[in-house]
Amino acid sequence: MGSYISLPSYLNTIEQRYRLGGKRCEKCGAIFFPPRLICSECGHKRMQKIKLSGKGTVLTYTVIAKGAGPTEFDDLQNMAGDYAVALVELEEGPRVVGQMTYCEPKDLKIGQKVRAVVRVLYEQEGVVRYSYKFTPIT
Amino acid sequence: MGIGILGYGAYLPKYRIKAEENRKAWGNFSAPGVKEKSLPGYDEDVVTMAIEAAHNATNYAGIDPSSLGTLYLATTSGPYVEKPLSSTLAAALVGNREVRTADFMGSTKAGSSALLACFDRIVAEGKGVGLGVASDIPLGPIDSGTEHSFGAGSAAYVIGEGEPIAVLEGSHSITIETLGERFRKAGELYTRDLELRVNFMGECLHESIDGLLGKLNLTPEKVNHVVLQQPDASQSFKAVGKFGFSGEALAVGAIATHTGDTGVASCLLSLAHVLDHAQGSERIIVASYGSGSDAFSLLVQDGIIQRRKQSSDVPKVKDYLEKREYVDYVTYLKFKKYLSTFKS
């Protein structure tokens, strides 16, 4: 079964998906990715747009094998094999979940330094959906 | 201060397939001189490769991508025929709407067209910063020789006012009608070539370079590097044989041996490799091909040495050529999506 995200919803997230656009609270400086409208640390409503570096560290990960992911990723799994999905702590602080690319799951380790790259996440309804993935820094 | 190339960046996906894999599968290999070629990972396309090269270029130039006012993207193998690819690039790089974008498609010459068009705009306005990007993953019928040489790669150039690492000395363009050579009809997936016994490319490269040398009153000895479109690792070098360029002048830009034919990115990727090695005051001639040819001359500036040092963390073409992972023939078919029956 797929996990359908409507195209208008997807479009609302391209700033974060294509260029890691986040938000910083103008009052307490807390950084959010994905971006938030209101600071969940201090309740302040003025948030400044920032671009995150995309560099981070793998805190933990899991490996998605055949049948384990949404159907959008079936062809990826068929053609490129099992893939890892990691919880990454970005150097600015936020923690984010992302697919790994250019990375054999067997070679991935907790603590691996990674950077974000833009890749094709999947295609649906003829539309290519691009998003960040993480790749080991070598 | 002046207008010129402020920075450049290249990108090659890490996967390679050796020519011998093709020979094992089909009993032949029809890309002279190509020992191995690059191919994208399953989740890469010309847009993602363009983004990688563009980031390298802006990092090299030391500019904030959000300052780009022009973004021209060339490819022959985009995921859409209608729906701009440059808009995705703009959203990924620039992050605001005030940017002029255009997609250059339909010919392997589109890369130099995009670069020269970017130059034209910046020169016309006398200010600003733009980016010309070429990115390609040409795809041929798997049971034909056309696909044997088709690789993958991208290159991006920041053009603007500032401290250029190279300036445009002049250009000379020609256009010819070609029939039966490298074409893909609307609705078709694969690029075809009827392999007629004609030498359109040889004629064009010769004529554009000859015209450029004449215009600038140059002799071949005055040229330090010659960078050519490389559909394989042999044809284009034969085509310019009559000029008598030295072996050294042709050597640095000859990278198709390791990448295969990178389509619109071919000569701009090779140019990036030359710029990685170039010294101040050198002259580089670049000639593209695709139903015609753009030949242009660049004069490398002394500042390139310092800029190269300052951008030492930006991967160079050599880094990409060395950081490679070989795949077998079936993996190659899977990564280039020849075997996907799934249709989105």
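The values are calculated or read from the model by the stated rules, or taken from the named source; none is laboratory data. Please read these numbers as outputs of a predicted model, since none were measured by experiment. Reconstructed Cβ throughout: ideal geometry from the backbone, glycine too, with neighbour counts over all protein chains shown.
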Answer residue from the stretch B:328-344, given it is in contact with an Asp or Glu (Cβ under 7 Å, 6 or more places away or on another chain) and not hydroxyl-bearing (Ser, Thr, Tyr) and is nearest to the other protein chains (Cβ to nearest Cβ) among those: B:Phe342
Test: residue in the stretch A:28-45 that is within 14 Å of chain B (Cβ to nearest Cβ) and in a strand (DSSP E or B): no
Matching residues, the stretch B:305-327, being within 13 Å of chain A (Cβ to nearest Cβ), in contact (Cβ under 8 Å) with a residue 24 or more places away in the chain and not β-branched (Val, Ile, Thr): B:Asp313, B:Pro315, B:Tyr320, B:Lys323, B:Arg324, B:Glu325
Selection count, the stretch A:97-130, where residues are at the interface with chain B (Cβ under 7 Å from one of its Cβ atoms), modelled with pLDDT of 95 or more and outside any strand (DSSP E or B): 2
Whichever residue in the stretch A:81-96 is surrounded by fewer than 16 Cβ atoms within 10 Å (Cβ to Cβ) and not in a strand (DSSP E or B) and, among such residues, is farthest from the other protein chains (Cβ to nearest Cβ): A:Gly93
Any hit, the stretch B:334-344, residues being within 19 Å of B:Ile137 (Cβ to Cβ), surrounded by fewer than 17 Cβ atoms within 10 Å (Cβ to Cβ) and touching a residue at least 24 places away in the same chain (Cβ under 8 Å): yes
Hits in the stretch A:1-27 - residues which are closer than 20 Å to A:Pro94 by Cβ, within 14 Å of another protein chain (Cβ to nearest Cβ) and part of a loop (DSSP other than H, G, I, E, B): A:Asn12, A:Thr13, A:Leu20
Single unsatisfied condition, B:Val34 versus (1) within 14 Å of chain A (Cβ to nearest Cβ); (2) under 26 Å from B:Asp276 (Cβ atoms); (3) surrounded by 24 or more Cβ atoms within 10 Å (Cβ to Cβ): (1)
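Would you say B:Asp136 is buried (at least 16 other Cβ atoms within 10 Å of the Cβ), away from chain A (no Cβ under 14 Å) and without any contact (Cβ under 8 Å) to a residue 60 or more places away in the chain?
no
Sort through B:Lys37, B:Lys24 and tell me the only one that's in contact (Cβ under 8 Å) with a residue 12 or more places away in the chain and within 21 Å of B:Asp319 (Cα to Cα).
Details: B:Lys24 fails: within 21 Å of B:Asp319 (Cα to Cα).
Residue meeting the stated conditions: B:Lys37.
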Residue count for the stretch B:299-329, restricted to those that are farther than 28 Å from B:Tyr15 by Cβ, touching a strand residue (DSSP E or B) at 6+ places or on another chain (Cβ under 6 Å) and of a type in the set (Val, Ile, Thr): 1
